[in-house]
Amino acid sequence: MTALSAAIDARRDDLIVLTQELIRIPTLNPPGSYYRQICDYLDRRLTAHGFATHLIRATGTPGDSETFPRWNIIARHEGAHAGDCVHFNSHTDVVEVGRGWTMEPFGGEIKDGKIFGRGACDMKGGLAASLIAAEAFIATHPGYHGAIEISGTADEESGGYGGVAYLAEQGYFDPKRVQHVIIPEPLNKDRICLGHRGGWWAEIETKGEIAHGSMPFLGDCAVRHMGAVLNEFEDKLFPAMAQRRTDMPVVPDGARQSTMNINSIHGGQAEQDPDFTGLPAHCVPDSCRIVIDRRFLLEEPLEQVRAEVTALLEGLKATRADFDYEITELNSVLPSMTDRDAPVVQTVARAIEDVIGKPPEYVASPGTYDQKHIDRIGKLKNCIAYGPGILELAHKPDEYVGIQDMIDSAKVMGRALETLLLPRA
């Protein structure tokens, strides 16, 4: 056992408590709760370990407000000599709890060697592992070369625009400043994630005419028009997407094809508050809206993705009486892939072999994560996702992270730091 591995093992109890305390800060997004509180927590922790910290509010970004400000933290520890900077980036936000939990969602409970809670897997366990790896490395090798950065950033679950995108625009991921980035997303401790599929989000509204519900023939039902849109998707778009496969190593296997999720549907009268006891009014709905979440492959141009949806809508407009629609693009993200021969990929691959005892599996993520901003805005290609946790547990009830998986991942991260920041013999 190396001195660094022993130092990480000695911090096992600290890692457990750190992970629990991070989970117990309910950083729900939306709306963006407790961002400042988790940054303050990380500030105290990292300052105590010799890091210089900066708290940065992403003023004016989507969702930022006086009630829910978008706070981020970047911490930097300088080595004794000049050298590269290795940056560990973790998002601090978590998604809604949802139904079906048997454990307390923000309790950080331990059972069977696992820590449970919303965000345990995605990705507070990875954040905790990166802190322990960095702290153990600095204690073991105080004379190291270069610098280590750790960031906790906002809003990854809603696109990252109040987090990594903002920081990249401010130059924090300039390749002259940072040379290697590891994002501890939950892709399993023996995998290296090289990138992700693309995403296109849009709202489609079908339009109608309001009338009395007893005389629907005097109006025009927008919900029925939306039914026609959904039928076109079922009959044409979904079968076409199922035939497309990518050479990207996307996991799980079902995500190696193009996919689309109907994120939401709203038609007619707005839902009332739960304590409302009245009855609905009798109206023909004059509007129906859906949000689509289209994930596309490296081999699919974004313009093609947009065009095939528009073509289906235009086809309905030409053939269906009184059909009218409006489509609004909400966001788009291009696929991102790091070369397998990039320095950070090769370094983490060797570290996985040293610690886990087998070569890594190279994968790509079905969903986007903050690599997109580091790549497109920061112009930094030497970036991967590597961290503890099981990808399929993300956003699920009874989400958890394995304690031993965090220990092993911390050792991989620490071994990578040794390779990148210690002088070669």
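The values are calculated or read from the model by the stated rules, or taken from the named source; none is laboratory data. Nothing here was measured: the structure is a model prediction, and the numbers come from that model. FYI the Cβ positions are ideal-geometry reconstructions off the backbone, even for glycines, and counts take in every protein chain you see. Only protein heavy atoms, including side chains, enter the accessible area calculation; ligands, DNA and RNA are left aside. Shrake-Rupley method; radii C 1.70, N 1.55, O 1.52, S 1.80 Å.
Once all Cα-Cα distances of region 86-222 are split into 5 Å bins that start at 0, what whole-number percent is in each one?
Once binned at 5 Å, the Cα pair distances of region 86-222 give 2, 7, 12, 15, 15, 12, 8, 7, 5, 4, 4, 3, 2, 1, 1, 0, 0.
For the chain, take the longest principal axis of its alpha carbons; what is the angle in degrees between that and the long axis of helix 343-356, to the nearest 10 within 0 to 90?
Helix 343-356 and the main axis of the chain meet at about 70 degrees.
Helix 125-140 against the longest principal axis of the chain: what's the angle in degrees, Cα atoms only, rounded to the nearest 10?
So the inclination is approximately 20 degrees.
In the chain, what % of DSSP beta bridges are antiparallel (nearest 5)?
Here the share of antiparallel DSSP bridges comes out near 70 percent.
How many nm is it between the label spots at residue 40 and residue 395, if each spot is 7 Å from the Cα in line with the beta carbon?
3.1 nm
Using a 1.4 Å probe and counting only protein heavy atoms, arrange 67, 27, 259 so the residue with the most accessible area comes first.
67, 259, 27
Enter the accessible area of residue 273 (Å², nearest 10), with the probe set to 1.4 Å and all protein chains included.
About 110 Å², ignoring ligands and nucleic acids.
If I model a spin label at residue 3 and residue 54 as a point 7 Å from the Cα along the Cα→Cβ vector, what separation in nanometres do I get?
Between residue 3 and residue 54, the simple spin-label model gives 3.2 nm.
Stretched out fully, how many nm does the piece from residue 112 to residue 238 gain, at 0.36 nm a residue minus the Cα gap?
41.3 nm
Which is farthest toward the positive dipole end of region 218-302 among 226, 255, 298, measuring Cα position about the Cα centre, with Cβ charges +1 (Lys, Arg) and -1 (Asp, Glu)?
The one lying farthest along the dipole's positive direction is 298.
Please calculate the 1.4 Å probe accessible area of residue 11, with all protein chains present, and give it to the nearest 10 Å².
Accessible area of residue 11: about 60 Å².
Taking the Cα centre of region 355-398 as the origin, how large is its charge dipole in debye, to the nearest 20, when only Lys and Arg (+1) and Asp and Glu (-1) carry charge on their Cβ atoms?
260 debye
Taking loop as defined by DSSP and a crowding limit of 15 other beta carbons within 10 Å, which trypsin sites (Lys or Arg not before Pro) in region 268-347 fit?
Answer in residue order: 320, 340.
With +1 on each Lys and Arg Cβ and -1 on each Asp and Glu Cβ, how big is the dipole of the chain about its Cα centre, in debye rounded to the nearest 20?
Magnitude of the dipole: close to 1140 debye.
Please calculate the 1.4 Å probe accessible area of residue 332, with all protein chains present, and give it to the nearest 10 Å².
It works out to around 40 Å².
Which whole-angstrom value gives the distance between the alpha carbon centres of region 159-228 and region 52-67?
21 Å
Roughly what angle does helix 222-232 make with the longest principal axis of the chain, taking Cα atoms, 0 to 90 degrees, to the nearest 10?
Roughly 60 degrees, rounded to the nearest 10.
From largest accessible area down, sort 93, 64; use a 1.4 Å probe on the protein chains.
Final ranking, largest accessible area leading: 64, 93.
Across bins of 20 angstrom width beginning at 0, how are the C-alpha pair distances of the chain distributed, in whole percent?
P(r) for the chain, in whole percents per bin: 25, 51, 20, 4, 0.
Longer than 20 Å from Cα to Cα, which of 358/411; 176/372; 124/396; 124/381 are they? Say none if no pair is.
From the list (358/411; 176/372; 124/396; 124/381), the Cα-Cα distance tops 20 Å for 124/381.
Report Rg(Cα)/(2.2 N^0.38 Å) for region 273-342, keeping two decimals.
Compactness ratio reported: 1.77.
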